[in-house]
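One structure, as structure tokens, below. Some questions next.
Every read-out reported here was derived from the displayed coordinates using simple, explicitly stated rules and does not represent laboratory data. This one's a predicted model, so the numbers in the text were calculated from it and none came from an experiment. Quick reminder, even Gly has a Cβ in these numbers, built from the backbone with ideal geometry, and neighbours come from all protein chains shown.
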Number of protein chains: 6
Amino acid sequence: MLELLTVRMELPAETNIVIGQSHFIKTVEDIYEAVATTAPQARFGLAFNESSGACLVRCEGNDPVLRETAVRNAQALAAGHVFVLVIQNAYPINLLNAIRNVPEVCSIFCATANPIEVVVARSEQGQGVLGVIDGSSPRGVEREADVAWRHDLLRKIGYKR
Amino acid sequence: MLELLTVRMELPAETNIVIGQSHFIKTVEDIYEAVATTAPQARFGLAFNESSGACLVRCEGNDPVLRETAVRNAQALAAGHVFVLVIQNAYPINLLNAIRNVPEVCSIFCATANPIEVVVARSEQGQGVLGVIDGSSPRGVEREADVAWRHDLLRKIGYKR
Amino acid sequence: MLELLTVRMELPAETNIVIGQSHFIKTVEDIYEAVATTAPQARFGLAFNESSGACLVRCEGNDPVLRETAVRNAQALAAGHVFVLVIQNAYPINLLNAIRNVPEVCSIFCATANPIEVVVARSEQGQGVLGVIDGSSPRGVEREADVAWRHDLLRKIGYKR
Amino acid sequence: MLELLTVRMELPAETNIVIGQSHFIKTVEDIYEAVATTAPQARFGLAFNESSGACLVRCEGNDPVLRETAVRNAQALAAGHVFVLVIQNAYPINLLNAIRNVPEVCSIFCATANPIEVVVARSEQGQGVLGVIDGSSPRGVEREADVAWRHDLLRKIGYKR
Amino acid sequence: MLELLTVRMELPAETNIVIGQSHFIKTVEDIYEAVATTAPQARFGLAFNESSGACLVRCEGNDPVLRETAVRNAQALAAGHVFVLVIQNAYPINLLNAIRNVPEVCSIFCATANPIEVVVARSEQGQGVLGVIDGSSPRGVEREADVAWRHDLLRKIGYKR
Amino acid sequence: MLELLTVRMELPAETNIVIGQSHFIKTVEDIYEAVATTAPQARFGLAFNESSGACLVRCEGNDPVLRETAVRNAQALAAGHVFVLVIQNAYPINLLNAIRNVPEVCSIFCATANPIEVVVARSEQGQGVLGVIDGSSPRGVEREADVAWRHDLLRKIGYKR
């Protein structure tokens with residue numbers, strides 16, 4: 001009775017997506033506030049799959065288009081207690097720790113701007129996220145010149161000293 | 001040789017379940033203490049699947065019936081290094097951050113009072129949790145009246161201002 | 001088009017492995033620093049699968065042999081944005097909270113010295129980790145004598161009072 | 001021009017007080033929510049000294065008497081950006097980590113049910129908390145029987161295993 | 001031999017200051033990276049008083065003027081192991097949790113854009129921070145209309161729902 | 001009636017001291033466990049000033065000499081709810097985050113191997129810590145060569161990349 005699906009996330013250009021498992025409808029207000037107070041310059045949409053009672057996709061955000069994108073992604077996953085955040089003008093590195101501290105959040109499956117397929121299990125009861133295929137598989141191992149490039153890049157963008 | 005199973009968790013009424021991945025038998029004492037000091041009013045049982053040496057289900061808690069429930073759920077999962085917490089008179093939102101801070105805990109798969117099926121992989125070596133089907137899939141998107149209901153509910157129960 | 005694989009991790013004796021999901025190549029420098037400042041006595045290797053652009057396995061560590069081991073494991077997983085840490089002379093309990101605080105880390109799949117099989121999904125796009133089979137399934141439930149043994153062991157090694 | 005004062009906190013029976021340094025009026029809503037979601041059974045009052053603009057004592061809580069108590073204590077301190085939480089039916093150990101995670105909180109001076117004097121500095125500009133005299137000075141060092149008593153007490157109340 | 005001083009911090013318009021106690025010269029690189037990765041849009045300067053060996057004010061930042069401001073403030077405090085962060089285009093609420101997680105940081109004395117006097121103790125050995133006078137003392141308690149104003153403000157700026 | 005004292009901490013060679021404010025006698029077991037599981041190679045002593053009831057200095061550790069040192073320092077401070085940790089073969093940077101997560105801990109005054117004077121307030125009721133004079137005041141600002149030395153040192157000891 002168990003079926004596996006891959007669900008491709010819809011992701012506009014220059015947008016990151018964070019997908020996680022949470023519980024309780026308070027999730028949408030709390031992740032909203034975590035993002036808004038950590039990265040006030042961000043534009044974002046957020047959706048959470050309520051999985052009992054009315055079973056509605058609960059949504060928040062400060063950008064109507066991104067909120068619709070988050071909702072469509074959450075509906076495509078159709079997995080209870082899963083949340084989807086789509087965000088522009090901020091990066092996951094700015095705010096993952098703030099999301100992790102939200103007291104309803106269980107775990108974060110991914111944070112990425114890559115093309116992303118989510119592996120979903122479907123039973124008669126409902127659906128659940130098993131994992132993500134996040135971008136491409138590696139094509140090699142970095143060599144000395146690649147290490148130098150990476151090291152320089154992180155300093156050029158000001159993220160490391 | 002890989003087989004997928006769905007394992008339904010046994011969950012009494014008005015009880016929440018938290019399932020996670022950890023390591024080391026110290027997990028049972030540490031999660032016990034995290035729950036007992038954060039939510040002293042809670043009744044709970046806890047089980048952890050030791051996955052080397054004696055390979056016993058290690059258990060703790062302050063309620064014998066819930067401890068037995070946790071043990072049966074952990075045995076049904078049969079996945080190494082997985083823990084199961086079943087709890088009454090407290091909610092996951094009260095204590096997920098305390099569990100997350102336990103130094104042996106890797107991740108939390110779910111926290112819920114919904115009917116729950118766990119997707120488990122079985123190989124010749126053993127079993128592992130892949131994900132959870134937590135309650136039902138969404139049946140629609142919230143509209144203005146639903147947002148108002150949600151907003152009011154969170155204030156009526158005193159969780160938000 | 002979705003295929004499931006089990007990938008066995010290569011793990012030398014007296015070594016622990018931590019596998020997780022992250023994002024961005026800064027992960028290798030940040031986890032390096034988290035481990036080096038929390039457990040300066042540790043020997044370790046670290047690999048991270050870059051999953052866009054050059055798609056290289058990025059690596060760090062203070063032990064060349066363990067770094068090669070981490071790289072081979074990350075290549076075997078071939079899953080984008082996954083990291084593998086292999087570590088000697090320190091235990092996961094010493095440093096999981098430090099790794100969890102790294103701002104690029106999404107989640108930690110496992111931390112173990114057991115034989116470990118990783119369940120991986122493969123699509124045309126790439127691969128993703130779904131979960132882990134970590135050691136053996138439980139063979140029984142602890143009884144009074146086992147509880148006493150566990151309680152004593154944790155105090156004998158000085159981890160609990 | 002600098003004057004030191006000791007300000008005795010007003011503390012009803014069976015009540016704990018937490019005093020800290022924060023910034024921004026959002027503090028009162030955020031600490032309210034941190035307490036309400038971590039210890040929903042608690043009765044509490046909260047006050048925060050706004051220190052620019054209208055310079056009002058901002059207050060919250062779910063118990064009017066305790067809110068008034070918090071306000072009087074915050075007024076007595078008259079120190080900018082200081083908050084005072086007075087709480088019944090919950091203990092600081094249940095919620096200090098939740099308060100620490102509030103993104104406006106700088107530090108926590110004390111958490112206690114003892115008689116408490118706060119050492120305050122007064123200048124022409126205003127006042128600031130320097131530290132606390134929390135209960136009594138020690139009268140001796142614990143001996144073997146005292147260690148046994150302490151060890152037993154923590155297990156009898158169920159806080160440690 | 002103990003003398004108390006008040007040291008007024010130099011704070012340009014539209015700038016916030018964070019003062020804390022830390023240890024080890026690695027503090028300047030780590031707080032730099034915490035700020036740069038959490039609030040990449042921020043302009044800031046950072047200074048740390050090394051208090052053994054060469055005893056130099058160690059400094060970092062991405063804005064030379066603010067770095068000089070941080071250095072002058074740290075020199076004025078002349079307190080060992082104290083750090084001063086001055087920041088524009090970001091607010092303390094965006095980054096206090098990131099600074100708190102820096103493994104060398106002991107505590108944060110204040111985070112504010114107010115006029116600020118630091119109370120410093122001076123002995124023959126050196127100087128230490130005792131506390132801060134952060135803005136003005138309260139002039140009253142909020143009434144219903146003030147609560148409504150505060151509640152609205154936090155929603156108008158998008159920080160709360 | 002308020003008197004200020006400076007209390008010099010007794011600190012053996014190659015030893016670090018961490019002083020903080022906490023509450024409840026459970027502090028000694030919890031900080032013991034936080035240190036022992038994060039830095040198992042460390043030798044340490046720990047003392048906590050119980051400030052109600054029996055008012056005893058409560059102590060723990062895995063090294064009798066360091067435990068006595070911690071006790072003498074805690075007695076010298078005579079401040080209620082203060083703890084003192086003295087530690088060898090580990091550095092504060094390895095374990096400050098673990099101590100901060102202990103649910104009874106309010107704040108950490110300092111972490112240092114420098115000569116240290118603690119500024120203590122004494123009233124008729126008892127004593128309280130106001131702050132620390134941690135090592136020497138700065139004697140200058142780092143120049144280019146000093147920055148290079150610091151940058152190199154952190155990489156040579158393997159703490160930064």
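Would you point out the residue of region F:1-43, among those that are under 24 Å from F:Glu117 (Cα atoms) and among the basic types (Lys, Arg), that is surrounded by the fewest Cβ atoms within 10 Å (Cβ to Cβ)?
F:Arg8
Would you check if E:Ala54 is without any contact (Cβ under 8 Å) to a residue 24 or more places away in the chain, out of contact with any strand residue (DSSP E or B) (no Cβ under 6 Å at 6 or more places or on another chain) and either small (Gly, Ala, Ser) or assigned to a helix (DSSP H, G or I) (or both)?
Taking the combined requirement at face value, the residue satisfies it.
Please determine whether any residue of region E:121-137 is in contact with a Cys (Cβ under 8 Å, 6 or more places away or on another chain) and within 30 Å of E:Met1 (Cβ to Cβ).
Yes: region E:121-137 contains one or more residues that are in contact with a Cys (Cβ under 8 Å, 6 or more places away or on another chain) and within 30 Å of E:Met1 (Cβ to Cβ).
Okay, next question. Kindly evaluate A:Ala111 against the criterion of being in contact (Cβ under 8 Å) with a residue 12 or more places away in the chain, touching a Cys at 6+ places or on another chain (Cβ under 9 Å) and crowded, with 19+ Cβ neighbours inside 10 Å.
yes
Listed here are the residues, each with its yes/no results for (1) β-branched (Val, Ile, Thr); (2) at negative phi.
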position: C:Cys55; (1), (2): no, no
position: C:Pro64; (1), (2): no, yes
position: C:Ala79; (1), (2): no, yes
position: C:Ile87; (1), (2): yes, yes
position: C:Leu95; (1), (2): no, yes
position: C:Glu104; (1), (2): no, yes
position: C:Ile108; (1), (2): yes, yes
position: C:Gly128; (1), (2): no, yes
position: C:Asp134; (1), (2): no, yes
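Related question: Residues in region E:80-91: is at least one part of a helix (DSSP H, G or I) and of a type outside the set (Asp, Glu)?
No, that holds for no residue.
For region D:66-76, which residues satisfy the criterion of being among the hydrophobic types (A, V, I, L, M, F, W, C) and more than 9 Å from chain E (Cβ to nearest Cβ)?
Scanning region D:66-76 gives D:Leu66, D:Ala70, D:Ala76.
Take F:Glu14 and decide whether it is among the acidic types (Asp, Glu) and on the phi > 0 side of the Ramachandran plot.
Answer is yes for this residue.
Can I ask one more? Kindly provide the set of residues from region D:1-47 that are facing chain E (nearest Cβ under 9 Å) and in contact with a helix residue (DSSP H, G or I) (Cβ under 9 Å, 6 or more places away or on another chain), ordered by number.
D:Ser22, D:His23, D:Phe24, D:Ile25, D:Lys26, D:Val28, D:Glu29, D:Asp30, D:Ala47, listed by residue number.
Taking region F:65-85 as the search range and keeping residues that are aliphatic (A, V, I, L, M) and over 22 Å from E:Ala79 (Cβ atoms), which one is surrounded by the fewest Cβ atoms within 10 Å (Cβ to Cβ)?
Let us first name the residues in region F:65-85 that are aliphatic (A, V, I, L, M), namely F:65-66, F:70-71, F:74, F:76-79, F:82, F:84-85.
Filter once more, so that each one left must be over 22 Å from E:Ala79 (Cβ atoms): F:65-66, F:70-71, F:74, F:78.
Values: F:Val65: 13, F:Leu66: 21, F:Ala70: 28, F:Val71: 24, F:Ala74: 24, F:Ala78: 22.
So, considering only residues that are aliphatic (A, V, I, L, M) and over 22 Å from E:Ala79 (Cβ atoms), the one surrounded by the fewest Cβ atoms within 10 Å (Cβ to Cβ) is F:Val65.
Still on this model: Of the conditions (1) more than 7 Å from chain D (Cβ to nearest Cβ); (2) touching a Lys or Arg at 6+ places or on another chain (Cβ under 6 Å); (3) crowded, with 19+ Cβ neighbours inside 10 Å, E:Asn89 clears all except one; give me its number.
Every listed condition holds for E:Asn89 apart from (3).
Do we have any residue at all in region D:137-144 that's within 30 Å of C:Asn101 (Cβ to Cβ), in contact with a strand residue (DSSP E or B) (Cβ under 9 Å, 6 or more places away or on another chain) and crowded, with 20+ Cβ neighbours inside 10 Å?
Keep residues of region D:137-144 that are within 30 Å of C:Asn101 (Cβ to Cβ), which gives none.
Within region D:137-144, not a single residue is within 30 Å of C:Asn101 (Cβ to Cβ), in contact with a strand residue (DSSP E or B) (Cβ under 9 Å, 6 or more places away or on another chain) and crowded, with 20+ Cβ neighbours inside 10 Å.
One line per residue, one yes/no per condition, for (1) over 17 Å from A:Thr27 (Cβ atoms); (2) facing chain B (nearest Cβ under 9 Å); (3) under 12 Å from the mean Cα position of the chain (by Cα):
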site: A:Arg58; (1), (2), (3): no, yes, no
site: A:Pro64; (1), (2), (3): yes, no, no
site: A:Leu96; (1), (2), (3): no, no, yes
site: A:Pro103; (1), (2), (3): no, yes, no
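What pairs come out if I take residues in region D:8-24 that are touching a residue at least 40 places away in the same chain (Cβ under 8 Å) and in a loop (DSSP other than H, G, I, E, B) and pair them with residues that are surrounded by 22 or more Cβ atoms within 10 Å (Cβ to Cβ) and of a type in the set (Gly, Ala, Ser) whose C-beta lies under 6 Å away, six or more apart or interchain?
Every condition considered, the pairs that remain are D:His23/E:Ala111.
Which residue pairs have Cβ atoms closer than 9 Å, lie 6 or more positions apart in sequence or on different chains, and pair a first residue in region B:63-87 that is without any contact (Cβ under 8 Å) to a residue 60 or more places away in the chain with a second residue that is surrounded by fewer than 18 Cβ atoms within 10 Å (Cβ to Cβ) and among the small types (Gly, Ala, Ser)?
As it stands, the answer is B:Gly80/B:Ser52, since those pairs meet every condition given.
Right, something else. With respect to E:Leu46, determine if the residue is buried (at least 17 other Cβ atoms within 10 Å of the Cβ) and within 14 Å of the chain's Cα centre (by Cα).
yes
Every residue in region A:125-161 that is touching a Pro at 6+ places or on another chain (Cβ under 9 Å) and among the aromatic types (Phe, Trp, Tyr), please.
Residue satisfying the conditions is A:Tyr159 alone.
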